[in-house]
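Only one structure is covered here, and it is reproduced in the block below.
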Number of protein chains: 2
Amino acid sequence: MRIAIDAMGGDFAPKAIVEGAVMAAKEWQDIEIILVGDKVQIEAFMPVKPANITIHHTDDVIEAEDEPVKAVRRKKNASMVVAGRLVKEKQADAMISAGNSGALMATGLLIVGRIAGIERPAFAPMIPTIQGTGHGVLCLDLGANMDASAENLLQYAIMGSVYRKTVDGIANPRVGLLNVGVETIKGNELVRAAFPLLSEAPINFIGNVEALDVLNGKCDILVCDGFVGNIMLKSLEGAISVIFAELRTEMTSSFLAKMAGLILKPGLRRLKRKADSSEYGGAGMLGVDGLVIKCHGASNATAVRSSVRLARHALKNNLVQAISTEISNGK
Amino acid sequence: MRIAIDAMGGDFAPKAIVEGAVMAAKEWQDIEIILVGDKVQIEAFMPVKPANITIHHTDDVIEAEDEPVKAVRRKKNASMVVAGRLVKEKQADAMISAGNSGALMATGLLIVGRIAGIERPAFAPMIPTIQGTGHGVLCLDLGANMDASAENLLQYAIMGSVYRKTVDGIANPRVGLLNVGVETIKGNELVRAAFPLLSEAPINFIGNVEALDVLNGKCDILVCDGFVGNIMLKSLEGAISVIFAELRTEMTSSFLAKMAGLILKPGLRRLKRKADSSEYGGAGMLGVDGLVIKCHGASNATAVRSSVRLARHALKNNLVQAISTEISNGK
């Protein structure tokens, strides 16, 4: 399994990326990591190179403020684009990047290419469930496409189901449609058009689910358009971070409150970890004809290591082929 | 100021509604309350009738499971419909209901009627800010219309601005457009079409805001379509309720944790109250040619009292006339 990593993309690149890659290379001997980027900069953070890491030198980089499609078209030697090309040319089985999300979307579409029959690939991160099963909810699309058609939502549902079956071993994963209420007639035009399509699809569709149900783990896959999904995710994350900030203030308000804070610290840390999605290691870009994994821009070395674990696991279970087979069966 | 209250609508009607009305009638002698509903049932919860309460008897009711438009058209003597008609016929200045939201929307549209020039009225609840100014964010639309056009969003922005100026006395209220990022180019087709309209409108448009900024009080008015707004609100509320539930579990996990919980209890209760929107007393249905206020279905007597306070305050400040003037000025 050869995994190309964009060493230059992300807020803490190349340091965090290289360090995470080294952690992963040491942990899993059955993978080969190709670090794509500036050789001198990469080597600065890798005094001893593990045998299963190689460096693929390139000195161009896509910046956070670059216009995505233009950048991918023009910067043919940017580290992200080169990593995508390695996948396209079968010199790598997967690519990982923490760089410009829009550019990664463009790299997936223009360099790696879509699976035949897929109209729009989707970003599919795992959202942690705080109550319930604890195995997370795969949400898609979270931001690859701002607008979606009912048919797009159907493909998201099918790809998500394949993911949970093959990558996570869930036999009959439950698909929920994000909506403002559980009744069939609820929702905007888009979700009302998608509901019958999902009902008839060969998936375990459990109907509409509300945002609260996500944290409760009521479904294994949550289907929504990229705009709504992003608003939901940021609302959940925002509320949690504000509450924790207020708790911190509360727990320093008096001597007794400080004592109470000390007692509760391990429990709060446990709760915070439950609510933290970085453990899951990135979001797959599903529907692309090759494994493409997007890491959060602020990824640290641990997050990069987690994304390699995810890539390795998805490759072992032939995720991309499984999606391709399921989509062509549906034709 | 005559305020008609649908005594039969809501999960705890008529008890909570009548008790809340009595609290309000005693508190504000400058209002007259007309309780619309079953006389016998209403009197059962009002052993002594304050002088400024009258009962308008009717024995039909719109149920939670009724199909909204059909129910409003057919049940001409339902308490909600009668309250709407009192407003239409200038026998009341405002109406309040905690009943079926869809039916209340239909009552506003079909019985009370729209302000000339308004395409779609919007529900505009106040969301509490946990950090920041602490005077709440007026969000619209929250669920009156699932789909909206860019022009609808513009009208929401204008109506929301008038509300914050007249009802809350904010001189130059800041309008934010709910989006997935602050950059101008962000968003789905709808918000990208709305952005230039809001930029050119005679309002204090501060640009795109993210869900997190709502809790931080970054704007005074948040504009969004009813579907997205509802997803955001339920995500915020859901995350907060899940975190509090987990905290409760954490604080009963050991003797020491229980002690810590006791110490922190007042602070947590304060925080919970900050995050609780019921204090604000209902959502105005803006754009209707008369004051219509929607209470949460689960409203208790205190919430009903708060909604009367809101109605009284909005009437004193001529909210409906101010919206009407602003909309006709824009023509």
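Among B:Val40, B:Val69, B:Val137, B:Val48, which is the only one that is aliphatic (A, V, I, L, M) and touching a strand residue (DSSP E or B) at 6+ places or on another chain (Cβ under 7 Å)?
Exactly one residue qualifies, and that residue is B:Val137.
Identify, from the list B:Ser101, B:Ser79, B:Ser161, B:Ser97, the residue that is small (Gly, Ala, Ser) and within 25 Å of B:Gly207 (Cβ to Cβ). Give the steps one after another, and end with the answer.
On the way: B:Ser101 fails: within 25 Å of B:Gly207 (Cβ to Cβ); B:Ser79 fails: within 25 Å of B:Gly207 (Cβ to Cβ); B:Ser97 fails: within 25 Å of B:Gly207 (Cβ to Cβ).
It is B:Ser161.
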Whichever residue in region B:217-250 is more than 7 Å from chain A (Cβ to nearest Cβ), of a type outside the set (Gly, Ala, Ser) and surrounded by 22 or more Cβ atoms within 10 Å (Cβ to Cβ) and, among such residues, is farthest from the chain's Cα centre (by Cα): B:Cys219
Residue pairs meeting the criteria (Cβ under 9 Å; at least 6 apart or on separate chains; first within 10 Å of chain B (Cβ to nearest Cβ) and in a helix (DSSP H, G or I), in region A:264-280; second loosely packed, with under 12 Cβ neighbours inside 10 Å and at pLDDT below 80): A:Lys274/A:Gly134
Given (1) modelled with pLDDT of 95 or more; (2) under 19 Å from the mean Cα position of the chain (by Cα); (3) in a loop (DSSP other than H, G, I, E, B), number of the condition B:Met95 does not satisfy: (3)
Residue that is surrounded by the fewest Cβ atoms within 10 Å (Cβ to Cβ), among those in region A:82-102 that are closer than 17 Å to A:Leu286 by Cα and among the charged types (D, E, K, R): A:Lys88
Of all residues making up region B:204-217, the number that are touching a residue at least 24 places away in the same chain (Cβ under 8 Å) and more than 18 Å from B:Ile170 (Cα to Cα): 7
Matching option when the condition is more than 22 Å from B:Gly267 (Cα to Cα), buried (at least 24 other Cβ atoms within 10 Å of the Cβ) and small (Gly, Ala, Ser), among A:Ser306, A:Ser299: A:Ser299
Filter result (part of a strand (DSSP E or B) and within 11 Å of the chain's Cα centre (by Cα)) within region A:98-126: A:Ala122, A:Phe123, A:Ala124, A:Met126
Pairs where the first residue, in region A:22-37, is assigned to a loop (DSSP other than H, G, I, E, B) and the second is charged (D, E, K, R) and at pLDDT 95 or above, C-beta under 6 Å, 6+ apart: A:Trp28/A:Arg312; A:Ile31/A:Arg312
Residue that is more than 14 Å from every other protein chain (Cβ to nearest Cβ) and over 28 Å from B:Leu310 (Cβ atoms), where the choices are B:Gly160, B:Gly207: B:Gly207
Which listed residue is in contact (Cβ under 8 Å) with a residue 12 or more places away in the chain, touching a strand residue (DSSP E or B) at 6+ places or on another chain (Cβ under 7 Å) and more than 10 Å from chain B (Cβ to nearest Cβ), from A:Ala194, A:Ala201: A:Ala194
Residue within region B:44-62 that is assigned to a helix (DSSP H, G or I) and at pLDDT below 95 present: no
Residues of region A:115-146 classified as among the charged types (D, E, K, R) and crowded, with 16+ Cβ neighbours inside 10 Å, total: 2
Hits in region B:8-40 (condition: buried (at least 19 other Cβ atoms within 10 Å of the Cβ) and over 18 Å from B:Leu310 (Cβ atoms)): B:Met8, B:Ala13, B:Pro14, B:Val18, B:Val36, B:Gly37, B:Asp38
Considering residues of region B:134-152 that are touching a residue at least 60 places away in the same chain (Cβ under 8 Å) and away from chain A (no Cβ under 14 Å) only, the residue farthest from B:Val223 (Cα to Cα): B:His135
Whichever residue in region A:282-316 is part of a loop (DSSP other than H, G, I, E, B) and within 11 Å of A:Ala98 (Cβ to Cβ) and, among such residues, is farthest from the chain's Cα centre (by Cα): A:Asn300
Unmet criterion (only one of (1) touching a residue at least 24 places away in the same chain (Cβ under 8 Å); (2) over 24 Å from A:Glu246 (Cα atoms)) for B:Ile185: (1)
One residue from B:Val214, B:Val182, B:Val175 being of a type in the set (A, V, I, L, M), within 13 Å of another protein chain (Cβ to nearest Cβ) and crowded, with 24+ Cβ neighbours inside 10 Å: B:Val214
Condition met for A:Val320 (in a helix (DSSP H, G or I), in contact (Cβ under 8 Å) with a residue 24 or more places away in the chain and either of a type in the set (Gly, Ala, Ser) or out of contact with any Cys (no Cβ under 7 Å at 6 or more places or on another chain) (or both)): yes
A:Lys258 vs. criteria more than 7 Å from chain B (Cβ to nearest Cβ), crowded, with 16+ Cβ neighbours inside 10 Å and either at positive phi or not in a strand (DSSP E or B) (or both): no
Count of region A:69-81 residues which are crowded, with 24+ Cβ neighbours inside 10 Å and assigned to a helix (DSSP H, G or I): 4
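The values are calculated or read from the model by the stated rules, or taken from the named source; none is laboratory data. All of these numbers come straight from a predicted model, not from anything done at the bench. Virtual Cβ from ideal backbone geometry, glycine too; neighbours counted across all protein chains shown.
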